[in-house]
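Chemist: Handing you a structure now.
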Amino acid sequence: MHYDTVIIGAGMSGLAAGIRLAYYGQSVCVLERHTTIGGLNSFYRLRNRNYDVGMHAVTNFAPPGSKVGPLSRVLRQLRFRWDDFDLRPQVESLVAFGETRLRFSNELQLFVDQVADAFPAQIDGFQKLLQRIDAHDDLPLDQQHLSARQVMGESISDPQLIDMILCPIMFYGSASPRDMDFHQFVIMFKSIFHEGFCRPLQGIRPILKALVRKYKSQGGELKLRAGVAAIQLDNERAVGVVLDDGTEITADKVLSSAGYVETMNLCAGQKQRITAEDPGNVTFVEGQMIIEEQPADLGHTETIIFYCDSERFHYESPDTPCDLRSGIICCPNNFQYDEPLPEGIIRLTALANGDYWMSLPEDEYRQQKEQWFDRMVAAAAKYIPDYRGKAVDTDVFTPKTIKHFTGHVNGCVYGAPQKRLDGTTHLENLYLCGTDQGYLGIVGSMFSGITIANLHLLKR
């Protein structure tokens with residue numbers, strides 16, 4: 001079998017790239033090791049309930065008819081209509097550091113007003129930061145690294161405000177501990193505070209199904225249970241792949257959404273190029289509680305809460321199995337739906353020590369999942385009603401789960417700290433999209449696949 005392009009991974013970026021290529025008449029095959037599409041943003045069914053994986057919310061919201069912004073560009077490039085994804089905006093979200101609270105919605109002005117109220121001496125500096133963000137061109141793929149904390153510190157002198165701005169941005173898109181690249185910071189700031197959160201009523205499934213339908217309707221092939229065992233090379237040039245079952249597939253170009261280190265591990269003779277720092281180690285434990293009541297009826301109206309109980313925000317792999325000092329509380333019920341979800345859902349996320357979770361024996365692993373999720377629930381109860389007595393079902397995943405279903409080394413959610421924005425590797429005809437290319441989130445992942453397809457794969 002021979003294709004113009006073979007794509008490794010049926011996540012958002014791989015499927016979006018496949019749609020773009022198939023639309024222009026390329027023969028394309030997307031290969032997925034598992035039985036389910038979606039990668040980092042997938043879903044599963046357990047005890048007669050559907051659970052989303054990865055997605056708390058879709059960022060980069062824009063109302064129907066908007067002609068600017070990443071979401072609008074993605075819809076145009078993939079030939080989708082606005083109602084194909086059925087996106088509904090958030091109600092309101094919150095950054096909470098002790099008693100200091102900053103609320104925000106899909107209108108930036110609310111966040112600006114909240115900063116002015118909570119940090120009156122910092123508002124002029126915050127406005128200067130906003131001007132710098134607005135002036136930054138986030139489209140060029142040859143950006144030089146610049147510390148986000150350094151840039152923020154040039155305008156803002158209060159470390160707590162810096163931490164409160166960084167908290168949601170880092171939780172939702174930073175592969176680097178403690179700091180992040182300013183270019184990535186700008187992309188994520190705009191996606192969260194300028195554009196904001198949204199979600200389909202049925203979660204991630206409508207988006208994934210729409211992508212697959214579009215891809216197949218244009219002639220693209222999708223092979224599930226088709227894990228790639230190796231990328232075939234001919235004199236430092238990618239020429240195809242070998243599947244786990246020994247099937248050989250040749251292609252003019254190979255596009256991988258597996259991550260840089262993971263992709264190099266598939267290439268014979270390339271492992272020596274990989275250093276210990278390359279994969280990254282920022283990862284999470286997440287649990288979901290199902291309750292019979294609507295959270296808003298119990299006084300929980302925020303869509304997403306980002307909290308921190310320590311004096312400073314620590315974004316790094318913790319020494320403990322989970323870092324209970326900070327976390328995310330996501331309530332999928334609290335979006336502006338026309339009808340309520342049938343049950344309440346509370347999702348709790350905390351930074352995790354990947355080495356700890358990977359090394360546990362199976363019996364102890366299950367026990368530790370339950371114990372640490374109980375501690376996460378207790379930590380979250382400072383900010384929301386205590387739902388422990390109302391839960392009718394729970395499920396927890398860890399870095400071990402993430403590694404199993406994505407193949408990411410260390411279970412790192414956002415990939416390697418060093419991004420390859422232009423999608424190239426040192427090997428000819430082998431390209432990257434997805435987390436290690438650099439555009440993150442639901443919309444960002446699709447934009448990543450589109451960008452690399454346009455830049456490299458549509459050229460003859």
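The values are calculated or read from the model by the stated rules, or taken from the named source; none is laboratory data. Remember, it's a predicted structure, so these values are computed and weren't measured experimentally. Every residue, glycine as well, gets a Cβ built from its backbone with ideal geometry; the counts of neighbours run over all protein chains shown. For the accessible areas, the whole protein counts, side chains as well, though only heavy atoms, and no ligand, DNA or RNA atoms are used. Shrake-Rupley method; radii C 1.70, N 1.55, O 1.52, S 1.80 Å.
Chemist: For region 292-309, give me each residue that is more than 21 Å from the chain's Cα centre (by Cα) and either within 12 Å of Gln90 (Cα to Cα) or not hydrophobic (A, V, I, L, M, F, W, C) (or both).
Modeler: Glu292, Glu293, Gln294, Pro295, Asp297, Gly299, His300, Thr301, Asp309 - these are the residues of region 292-309 that are more than 21 Å from the chain's Cα centre (by Cα) and either within 12 Å of Gln90 (Cα to Cα) or not hydrophobic (A, V, I, L, M, F, W, C) (or both).
Chemist: Please tell me if Ala210 is assigned to a helix (DSSP H, G or I) and modelled with pLDDT of 95 or more.
Modeler: When the stated conditions are applied, Ala210 passes them.
Chemist: Take Pro417 and tell me if it is out of contact with any strand residue (DSSP E or B) (no Cβ under 7 Å at 6 or more places or on another chain), part of a loop (DSSP other than H, G, I, E, B) and either within 28 Å of Asn333 (Cα to Cα) or β-branched (Val, Ile, Thr) (or both).
Modeler: When the stated conditions are applied, Pro417 does not pass them.
Chemist: Now, a different point. May I ask you to say which residue of Phe111, Phe85, Phe126 is under 25 Å from Ile304 (Cα atoms) and at pLDDT below 95?
Modeler: Phe85
Chemist: Evaluate region 51-58: report whether one residue or more is surrounded by 18 or more Cβ atoms within 10 Å (Cβ to Cβ), hydrophobic (A, V, I, L, M, F, W, C) and more than 15 Å from the chain's Cα centre (by Cα).
Modeler: no
Chemist: Among the listed residues Asp234, Asp252, Asp244, which satisfies the condition of being without any contact (Cβ under 8 Å) to a residue 12 or more places away in the chain and either more than 29 Å from Ala352 (Cα to Cα) or open to solvent by less than 30 Å² (accessible area, probe 1.4 Å) (or both)?
Modeler: The match here is Asp234.
Table: residues versus (1) of a type outside the set (Gly, Ala, Ser); (2) part of a loop (DSSP other than H, G, I, E, B).
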position: Thr5; (1), (2): yes, no
position: Ser13; (1), (2): no, no
position: Ala17; (1), (2): no, no
position: Gly25; (1), (2): no, yes
position: His34; (1), (2): yes, yes
position: Tyr44; (1), (2): yes, no
position: Phe61; (1), (2): yes, yes
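Chemist: Restricting region 183-221 to residues that are out of contact with any helix residue (DSSP H, G or I) (no Cβ under 7 Å at 6 or more places or on another chain) and among the small types (Gly, Ala, Ser), which is farthest from Arg88 (Cα to Cα)?
Modeler: Checking each candidate, the answer is Ser217.
Chemist: Look at region 118-160 and say how many of its residues are more than 25 Å from the chain's Cα centre (by Cα) and not in a helix (DSSP H, G or I).
Modeler: 6
Chemist: Then there's this: Could you list, in sequence order, the residues of region 207-231 that are charged (D, E, K, R) and either buried (at least 21 other Cβ atoms within 10 Å of the Cβ) or touching a Ser or Thr at 6+ places or on another chain (Cβ under 7 Å) (or both)?
Modeler: Across region 207-231, the qualifying residue is only Arg225.
Chemist: Just give me the residues in region 189-206 being open to solvent by 10 Å² or more (accessible area, probe 1.4 Å) and either closer than 22 Å to Ser147 by Cβ or assigned to a strand (DSSP E or B) (or both), in sequence order.
Modeler: Lys190, His194, Arg199 - these are the residues of region 189-206 that are open to solvent by 10 Å² or more (accessible area, probe 1.4 Å) and either closer than 22 Å to Ser147 by Cβ or assigned to a strand (DSSP E or B) (or both).
Chemist: Additional query: Before we move on, is Cys308 over 23 Å from Asp393 (Cβ atoms) and among the hydrophobic types (A, V, I, L, M, F, W, C)?
Modeler: yes
Chemist: Kindly provide the set of residues from region 428-442 that are modelled with pLDDT of 95 or more and at negative phi, ordered by number.
Modeler: Those that are modelled with pLDDT of 95 or more and at negative phi: Glu428, Leu430, Tyr431, Leu432, Cys433.
Chemist: Which pairs do you get when a residue that is closer than 29 Å to Pro159 by Cβ, found in region 289-314, comes within reach of a residue that is surrounded by fewer than 21 Cβ atoms within 10 Å (Cβ to Cβ) and among the hydroxyl-bearing types (Ser, Thr, Tyr), reach meaning Cβ atoms under 6 angstrom, with the pair 6+ apart or on two chains?
Modeler: Ile305/Tyr383; Tyr307/Tyr383
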